[in-house]
Amino acid sequence: MKKLSIGILTAVALVFGVNQQASAQVEQGSMIIDAYYGFPNLGKKLWNALESDSSTVNSKATGVGPLGIRFEYMIADNLGFGADINYLTNGFDYDYTISEYNSTTGFFEDNTYTVSYKKTKLRIMARLNYHFVQTDVVDAYVGFGAGYKHKINKFSSTNPNDTENELESSLNLIPVSIRLCLGTRFFFTDNLGMNLEMGVGKGPLLSAGVSVKF
């Protein structure tokens, strides 16, 4: 998927290389909505790696996204302004068994507890895109985004003596998101197409989805 996306975006830039607006699908006044799913979920991959080295029982890495929606309004034929909202979760669940003293019976007994840890991230960024390729099929752009990041760490355990790790609790640092990206839309009709985007910073490394133009 990664090689395919990079290859498509590179081919578009090489073939079209200049802003072609003779029969542009996207122009001043156009509004575009992109719904997308991104890859990879790095946190989930990390939990999977830790899980493979873990001696816990019924351990499972969990995660959704990154998924999101972008809105863009073309303030000029080759310049668009809008917003990017994306959502991501990752974490783990596992069971563990410990031997505990039962003061009622006077014996030690094995008790099994379930632990769940989940990170949730919501990013809301303003976006500015410069469109360097515009035809009746292809719309390619470079973009910059900046905005707010909201992060929640949630820990739960059926063992009342378990507490959340202090280091994990302190990971909510500067609530700012910044992103640089290169993207392409391919339109199948006047109003419907697909989108591909790769970027650095906050948000997915690679994403793909559906585009609707108004």
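Tabulated values for the structure
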{"quantity": "Rounded to the nearest 20 debye, dipole of region 57-166 from Cβ charges on Lys, Arg, Asp, Glu", "calculated": "400 debye"}
{"quantity": "Residue order, fewest to most surrounding Cβ atoms within 10 angstrom, among ILE32, ILE75", "calculated": "ILE75, ILE32"}
{"quantity": "Other-chain or far-sequence residues with amide H under 5 Å of ASP136's (modelled H)", "calculated": "SER23, GLN25"}
{"quantity": "Amide H contacts of ASN159 (H built 1.01 Å from N, under 5 Å, at least 5 apart or other chain)", "calculated": "THR114"}
{"quantity": "Net charge contributed by nearby residues that have their C-beta within less than 15 Å of LEU192 (K/R +1, D/E -1)", "calculated": "-2"}
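A short reminder: the numbers here are calculations on the coordinates, not readings from a lab. Here the structure is a predicted model, which is why all the values come from computation and not from measurement. Ideal geometry is used to build each Cβ from the backbone, glycine not excepted, and the neighbour counts take in all protein chains shown.
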